[in-house]
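Enquirer: Shown below is the structure under consideration.
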Amino acid sequence: MATPDELQATIDALVQKGTGILAADESGATIAKRFKTIGVESTEENRRAYRSLLLTTPDLGRYISGVILYEETLNQCADDGEPLPQLAARQGIVPGIKVDAGKIPLALAPGDEITQGLDGLGERLKGYKQQGARFAKWRAVYNVSDTLPSRAAIEANAEVLARYAAVSQDQGVVPIVESEVLIDGNHTLARCAEVTQAVLYEVFRALARHRVVFEHMLLKPSMVVPGKSHALQATPEEVASETIRVLRRAVPAAVPSINFLSGGQSPVEATANLDALNRRGPQPWHLSFSYGRALQEPALQAWQGRPANVQQAQEALLKRARLNGAASVGAYSADMENAS
Ligand code: 13P
């Protein structure tokens, strides 16, 4: 049986000024896609080597308070035999676990998707917890067009997100509730704002219905941005203004922290946008990051699968972590990109 103290201790460890979360929980198919960009085959050993590289980065714990791992990584060890979740914890980084089983098309709703993985979740969480995981993540995805997502998709994804969050809290595991309004497409900034608001209203209605304790969860939303192929891209100030407007309407002040996903923004864009968000003055919640690509891309490019490049890759990761740490308190500036 979970205790509120256990959940609160995890929240306190995750939500620390100047820090955010590293998402390193790519599924088998996704990590294969990322490795392909550097010509590296996705073998178990290469995945272990790469994720060990990330977690052994010296000083990473100064800017990263938690790491989201994929199931396979919970069982893997660093070169010296230390289990990776234990290594993370020793760096002051709380280990977490992606628990959804990916998305499939939502039946009878062309273009919409639903995330699966609820069956047996409580039992799985017991095992993950024994392996060191203290928080979990579940990602719901929303495609955007003039007509998508449908009401059915918004309601169905909210329901499963809330059930996942309730089961996690019941097991003493802090849920990260991830709602990703996709950047793909040519929709406007205003359309993204409209969809994000509708999604978050429904997510919090469902969370309340399932008695999820808002104080003991984190929200991981996408920022409000125009579609990637829309002609008019937005400035960090526009992104910040629209994102804050929607969040203030939809997210209860009891939620301790909102940790954005990067969702296809470039590393520099994701940092500049987070900084602009934090420059808009105090908000009810901590506003930070839970980036995958925007933290890892430069490290992956530096690594190229070669042991000789490990140190350079770790420096690239540490730099992005440090700059996002600064952005999480509104203290980033573009010239920090060029300083060593
Ligand atoms: P990105 O920052 O690359 O969007 O990844 C975050 C994540 O955890 C996706 O589920």
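Enquirer: Evaluate the Kirkwood expression for the hydrodynamic radius of region 1-116, namely the inverse of the mean inverse distance over all pairs of different C-alpha atoms, and round to one decimal in Å.
Expert: It works out to 15.9 Å.
Enquirer: Right, next: Given just the C-alpha atoms of region 140-218, how large is their convex hull per residue in cubic angstrom?
Expert: In region 140-218, the Cα convex hull volume per residue is 78 Å³.
Enquirer: Using the basic label-point model (7 angstrom from Cα toward the beta carbon), what is the Arg209 to Asp5 distance in nanometres?
Expert: Label-label distance for Arg209 and Asp5, simple model: 3.5 nm.
Enquirer: Continuing with the same structure: What is the chain's relative contact order, in percent, from Cα pairs under 8 angstrom and six or more apart in sequence?
Expert: 18
Enquirer: Relative to the present Cα-Cα distance, how much length would full extension add between Glu194 and Gln283 at 0.36 nm per residue of separation?
Expert: Full-extension gain reported as 30.0 nm.
Enquirer: Provide the percentage of antiparallel DSSP beta bridges, counting only those with both residues in the chain; round to the nearest 5.
Expert: Bridges in the chain are about 10 percent antiparallel.
Enquirer: Using only Cα atoms, what is the ratio of the radius of gyration of region 265-309 to 2.2 N^0.38 Å?
Expert: 1.53
Enquirer: Have a look at the DSSP beta bridges in region 72-214 and tell me what percent are antiparallel, nearest 5.
Expert: Expressed as a percentage, antiparallel bridges in region 72-214 total about 25.
Enquirer: Between Arg306 and Glu337, what FRET efficiency comes out of the Förster formula 1/(1 + (r/R0)^6) with R0 = 25 Å and r the beta carbon distance, rounded to 0.05?
Expert: 0.50
Enquirer: Here's a follow-up. Tell me, what HN-Hα J-couplings in whole Hz come from the Karplus equation 6.51 cos²θ - 1.76 cosθ + 1.60 at θ = phi - 60° for each residue of region 14-26, using x for Gly and Pro?
Expert: Going residue by residue, I get 7, 9, 10, 3, x, 10, x, 10, 9, 8, 10, 10, 4 Hz, with x marking Gly and Pro.
Enquirer: Here's a follow-up. Quick one: length gained pulling Thr43 to Ser145 fully straight, 0.36 nm per residue minus the C-alpha distance?
Expert: Working it through step by step, the gained length comes to 33.0 nm.
Enquirer: What is the Cα coordinate range of region 36-194 on the first, second and third principal axes, sorted by size from largest, in whole angstrom?
Expert: If we take the Cα atoms of region 36-194, the spans are 53, 40, 30 Å.
Enquirer: Show me, for region 310-325, the HN-Hα J-couplings you get by feeding each phi into the Karplus relation (A = 6.51, B = -1.76, C = 1.60, θ = phi - 60°), rounded to Hz, glycine and proline as x.
Expert: 4, 5, 5, 5, 5, 5, 5, 5, 4, 5, 5, 5, 5, 5, 6, x
Enquirer: Can you list the lysines whose alpha carbon sits under 26 Å from that of Lys129, skipping same-chain ones fewer than 8 residues off?
Expert: Output for Lys129: Lys17, Lys98, Lys103, Lys137, Lys220.
Enquirer: Taking H placed 1.01 Å from N in the peptide plane, check which residues at least 5 places from Phe289 or on another chain put their amide H under 5 Å from its amide H.
Expert: It is Ile21, Phe260, by chain and number.
Enquirer: While we're on this one: Quick one: which residues, 5 or more positions from Met223 or on another chain, have an amide H under 5 Å from its amide H? H modelled 1.01 Å from N in the peptide plane, none for Pro or chain starts.
Expert: Correct list: Leu261.
Enquirer: Per DSSP H run of n ≥ 4, the term is -39500 (n - 2.57); total these for the chain, divide by its residue number, and report the mean residue ellipticity at 222 nm rounded to 500 deg cm²/dmol.
Expert: -14000 deg cm²/dmol
Enquirer: With the alpha-carbon atoms as the only input, what is the per residue convex hull volume for the chain in Å³?
Expert: Expressed per residue, the convex hull around the Cα atoms of the chain is 127 Å³.
Enquirer: Give the distance, in whole Å, between the Cα centre of region 1-66 and the Cα centre of region 290-338.
Expert: 13
Enquirer: Which one of Ala140, Gln311, Ala198 has its Cα pushed farthest toward the positive end of the charge dipole of the chain, where Lys and Arg give +1 and Asp and Glu give -1 at the Cβ?
Expert: Positive-most Cα among the choices belongs to Ala198.
Enquirer: Ala140's amide H: which non-local residues (gap 5+, or another chain) put their own amide H closer than 5 Å, with H modeled 1.01 Å from N in plane and none for Pro or chain starts?
Expert: Those qualifying (amide H under 5 Å, at least 5 residues apart or on another chain) are Glu178, Ser179, Glu180.
Enquirer: Let me ask something else. Ordered by residue, what ³J(HN,Hα) values in Hz, to whole numbers, does region 154-164 give under the Karplus form 6.51 cos²θ - 1.76 cosθ + 1.60, where θ = phi - 60° and Gly and Pro are x?
Expert: Residue by residue, region 154-164 yields 5, 6, 5, 5, 4, 4, 6, 4, 5, 5, 4 Hz.
Every number here is computed from the coordinates shown, using simple stated rules; none is lab data. Just so it is clear, the structure is predicted and the values come from calculations on it, not from any experiment. Every residue, glycine among them, receives a Cβ derived from its backbone with ideal geometry; neighbour counts consider all protein chains shown.
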